[in-house]
Amino acid sequence: MYRNFRIVPNIIFGRGSFNQLDDVLKDRRVTADSWMVFVVDDVFTGKPLEGRFPLRGRDLLLWVNVDDEPKTRYIDELVARIRAYSPTAPAGIAGIGGGSAMDIAKAVSLMLNNPGSSADYQGWDLIKNPAVYHVAVPTLAGTGAEISRTTILTGPEKKLGINSDYTLYDQILLDPELLAGVPKNQWFYTGMDCYIHDVESLNGTFINEFSKAYGEKSRDLCREVFLDDSPAKDDKLMMASYFGGMSIAYSQVGACHALSYGLSYVLGIHHGVGCCIAFDQLEEIYPEGVQEFRQMMEKHDIPLPRNLTKDLDSASMEKMVTTALNLVPLWENCLGPDWANIMTRERAMELYKKM
């Protein structure tokens, strides 16, 4: 059977389109008491963008910290704060920031309508009730969080997303102007998440013409951004992120993302840089992609952290391997149904030792 998957139904793209957020939310303010929650990366505290948030009436501005990747405990705390703020549910959630901020907003919107802890829903299609209406405004481009049915969370026992059709945003607003001023390293690492999505999708066993069409276009846009220095690089990277997310929607990512989960779970390394660290060791699996990635890294003079696992004890190393190998769909896409005999624990351990 072919998978019948959902996509984000409403999209606004264009420079200055952030100014339309108020109009988007206005349609959800159906009563005088309707209120919104703005889930915003706290890096914008006191910055010019803060003065542009269209808060009205009883709206709640919820600053979130993404120094660490989102944890289920943090999501539960935020949901409790929102419920304590008002006995009535918000009419909508607006997530403003990079991939982690958008993932937090997705998780909060899900958990406001579902009982228990967010850790209870780490996995595939465990969510039973639709989320509160939620809108994404990305201020970084590359993760594909704006288009993904996953919100990646670190729980007490594992790092694994809440994967559900209900996770998808109801609306995304793509304004390339919001990418201005992003620190170069962060811009690169986040953009490489997109490029790696494309490589893993296009070289995977799940590839099909649907995913191939999006993946090839996204990869071409990444090349224009990171190799050709296109004058429209912010606009192109924002669309590359969207297309890259669409490419893996009907296929899957692969070895790099699986290994990066282990790095993040044990060492707390952010997703984008974790993907770069892992990808650099996967020339045997993705030879052309890794070579091109290294060209991009050299062109932009980007440092890559090294020797991160050198002093880890054996228990931590084993935990990383277990975390990575538990992501079965990723390995099946990368290496096929016999993946477990190809990517053994010993081979995964050797890859981590090189990092």
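The values are calculated or read from the model by the stated rules, or taken from the named source; none is laboratory data. Nothing here was measured: the structure is a model prediction, and the numbers come from that model. Neighbour counts are summed over all protein chains in view; Cβ atoms, including those assigned to glycine, are modelled from backbone coordinates with ideal geometry. Please note that ligands, DNA and RNA were not included when accessible areas were found on the heavy atoms of the full protein model with its side chains. Shrake-Rupley method; radii C 1.70, N 1.55, O 1.52, S 1.80 Å.
Entry note, segment 1-151: relative contact order of 24 percent, from Cα contacts under 8 Å with a spacing of 6+ residues. Across 44, 13, 279, the residue with the most accessible area heads the list, and the full order at a 1.4 Å probe is 13, 44, 279. In whole percent, how big is the carbon plus sulfur part of the accessible area of the chain, probe 1.4 Å, protein atoms only? Carbon and sulfur atoms account for 49 percent of the accessible area of the chain.
Once the Cα-Cα distance is subtracted from the 0.36 nm per residue extended length, the residue 10 to residue 299 segment shows a gain of 100.4 nm.
Accessible area per residue of segment 1-148 at 1.4 Å probe, in Å²?
With all protein chains present, segment 1-148 gives 46 Å² per residue.
Once each of the GluC sites (Glu not before Pro) sitting in a DSSP loop with at most 11 other beta-carbon atoms within 10 Å is removed, the chain keeps 1-156 as its longest stretch. Per residue, segment 211-355 exposes 42 Å² of accessible surface when a 1.4 Å probe is rolled over the protein heavy atoms with every protein chain present. Using C-alpha pairs under 8 Å with a sequence gap of at least 6, the mean separation divided by the residue count of segment 200-355 gives a relative contact order of 28 percent. Amide H to amide H, with H built 1.01 Å from N, residue 94 comes under 5 Å of 37, 38, 39, 135, counting only residues 5 or more places away or on other chains. By DSSP, the beta bridges lying fully in the chain are antiparallel in about 15 percent of cases.
Phi angles of segment 138-143 translate, via the Karplus equation with coefficients 6.51, -1.76, 1.60 and θ = phi - 60°, into HN-Hα couplings of x, 10, 10, 10, x, 5 Hz per residue; Gly and Pro are given as x.
For the chain, what mean projected area does the convex hull of the alpha carbons give, in nm²?
17.3
For the residue pairs 26/106; 71/106; 26/47; 159/319; 106/212, alpha carbon separations beyond 22 Å are given by 26/47; 106/212.
Positive end of the dipole of the chain (Cβ unit charges, origin at the Cα centre): among 94, 9, 113, the Cα lying farthest that way belongs to 113.
In this simple spin-label model, placing a label point 7 Å from the Cα along the Cα-to-Cβ direction at both residue 227 and residue 340 gives a separation of 3.9 nm. Note: relative contact order over the chain, using C-alpha pairs below 8 Å and six or more positions apart, is 15 percent.
Structure note, pairs 184/299; 233/353; 236/354: Cα-Cα distances above 24 angstrom occur for 233/353; 236/354. Within the listed set 264, 314, 164, the Gaussian network model of the chain (springs between alpha-carbon atoms below 10 Å) gives the highest mean-square fluctuation for 314.
Think of segment 1-138 as having a plus end and a minus end, set by charges on the Cβ of Lys, Arg, Asp and Glu; of 63, 75, 30, 30 sits farthest toward the positive end of this dipole.
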